[in-house]
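Asker: So that we are looking at the same thing, I have put the structure below in structure tokens.
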Amino acid sequence: MPYDDAGPDRRLVAKLITGGAVAVRTTRREWQKAAVRAELRTVAIEVFLAQGYHEANIAEIAERAGVSERTFYRYFPTKESVALDWIDETAPAVHEMLRRQRPTVSPSDALCEAFIAATPPSMDGTLEKPVLSLIFSTPRLLSAYYDHARTWEKDVAQVLAERLGTDVASDPRPALWSAMGFAIAHTVARERATQGNTDFSIFPTLLRKRFAEAAQFFHDLSVPG
């Protein structure tokens, strides 16, 4: 199936995929590598959305990006990796934002605000919804998404342990809080993938609401009744 140029607005795709990733680099070579990576992600998402994930092929993505298949595989080993790369880039930002939260902030609130602060401001609801829909409607891609999430959970648990002055090997709380936080984030992502409203500005409100509901649930469990 030929690529449909009438598909998603390329500028909007680029905004979503790069998320500021192609920033000022220390060398021209680093900038060029970042630009190629961003272009491959942009083209890949365009093709996935226009043709369907399974119908898309690496050869066409590479050709449209102006590189060889060999170059594509130098940056991304699989289709799954290029489809999820824009999400992977937010994980380090979550860690950094979590470290910046005040020590007096509860783990639940710190996690919630870290997720919100780490979300690239360039993410546009016009594309955020179809990309999330693509992930949640493609079993193979969804499986890869959850595989990535397990790594993110472990990393965030380590940061939470640092905040609490404890160790993940002896204290189960950081891992439990991290698992809960990502479960909420996945739930909100699925909600965003299925609802008709593409206004991305409601994301912080929805995330805070779900975190508050979870905190209330755990509070109720701890109250003798």
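The values are calculated or read from the model by the stated rules, or taken from the named source; none is laboratory data. No experiment lies behind these values; they were computed from the predicted model shown. Positions of Cβ are backbone-derived with ideal geometry, glycine not excepted, and every protein chain shown enters the neighbour counts.
Asker: So, in the range 98-118, of the ones that are within 25 Å of Arg41 (Cβ to Cβ) and at pLDDT below 90, which residue ends up surrounded by the most Cβ atoms within 10 Å (Cβ to Cβ)?
Answerer: Within the range 98-118, the match that is surrounded by the most Cβ atoms within 10 Å (Cβ to Cβ) is Phe115.
Asker: Out of everything in the range 167-182 that is part of a loop (DSSP other than H, G, I, E, B) and of a type in the set (D, E, K, R), what residue ends up being nearest to Thr90 (Cα to Cα)? Break it down into steps so the answer makes sense when it comes.
Answerer: Here is the first cut: in the range 167-182, the residues part of a loop (DSSP other than H, G, I, E, B) are 167-172.
Filter once more, keeping what is of a type in the set (D, E, K, R): 167, 171.
Details: Asp167: 24, Asp171: 26 Å.
Checked the range 167-182; the qualifying residue nearest to Thr90 (Cα to Cα) is Asp167.
Asker: Looking at (1) modelled with pLDDT of 90 or more; (2) surrounded by 16 or more Cβ atoms within 10 Å (Cβ to Cβ); (3) farther than 26 Å from Ala50 by Cβ, can you tell me which one Lys209 breaks?
Answerer: Of the numbered conditions (1) modelled with pLDDT of 90 or more; (2) surrounded by 16 or more Cβ atoms within 10 Å (Cβ to Cβ); (3) farther than 26 Å from Ala50 by Cβ, the odd one out for Lys209 is (2).
Asker: Only one residue in Glu213, Glu162 is farther than 20 Å from Arg100 by Cα, part of a helix (DSSP H, G or I), over 18 Å from the mean Cα position of the chain (by Cα) and of a type outside the set (S, T, N, Q). Which one?
Answerer: On the way: Glu162 fails: farther than 20 Å from Arg100 by Cα.
Result of the check over Glu213, Glu162: Glu213.
Residues are listed down the side, and each one gets a yes or a no for (1) in a helix (DSSP H, G or I); (2) in contact with a helix residue (DSSP H, G or I) (Cβ under 9 Å, 6 or more places away or on another chain); (3) among the small types (Gly, Ala, Ser):
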{"position": "Glu39", "(1), (2), (3)": "yes, yes, no"}
{"position": "Val43", "(1), (2), (3)": "yes, yes, no"}
{"position": "Phe48", "(1), (2), (3)": "yes, yes, no"}
{"position": "Tyr53", "(1), (2), (3)": "no, yes, no"}
{"position": "Ala62", "(1), (2), (3)": "yes, yes, yes"}
{"position": "Tyr73", "(1), (2), (3)": "yes, yes, no"}
{"position": "Glu80", "(1), (2), (3)": "yes, yes, no"}
{"position": "Ile87", "(1), (2), (3)": "yes, yes, no"}
{"position": "Ala93", "(1), (2), (3)": "yes, yes, yes"}
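Asker: Does any residue of the range 178-194 turn out to be buried (at least 18 other Cβ atoms within 10 Å of the Cβ), modelled with pLDDT under 80, over 18 Å from Leu98 (Cβ atoms) and not acidic (Asp, Glu)?
Answerer: yes
Asker: Give the residue that is nearest to Phe211 (Cα to Cα), with candidates limited to residues of the range 152-180 that are in contact (Cβ under 8 Å) with a residue 60 or more places away in the chain and among the basic types (Lys, Arg).
Answerer: It comes out as Arg173.
Asker: Could you tell me whether any residue of the range 67-90 is at pLDDT 90 or above, within 30 Å of Leu176 (Cα to Cα), surrounded by 14 or more Cβ atoms within 10 Å (Cβ to Cβ) and charged (D, E, K, R)?
Answerer: So far as the range 67-90 goes, yes, one or more of its residues are at pLDDT 90 or above, within 30 Å of Leu176 (Cα to Cα), surrounded by 14 or more Cβ atoms within 10 Å (Cβ to Cβ) and charged (D, E, K, R).
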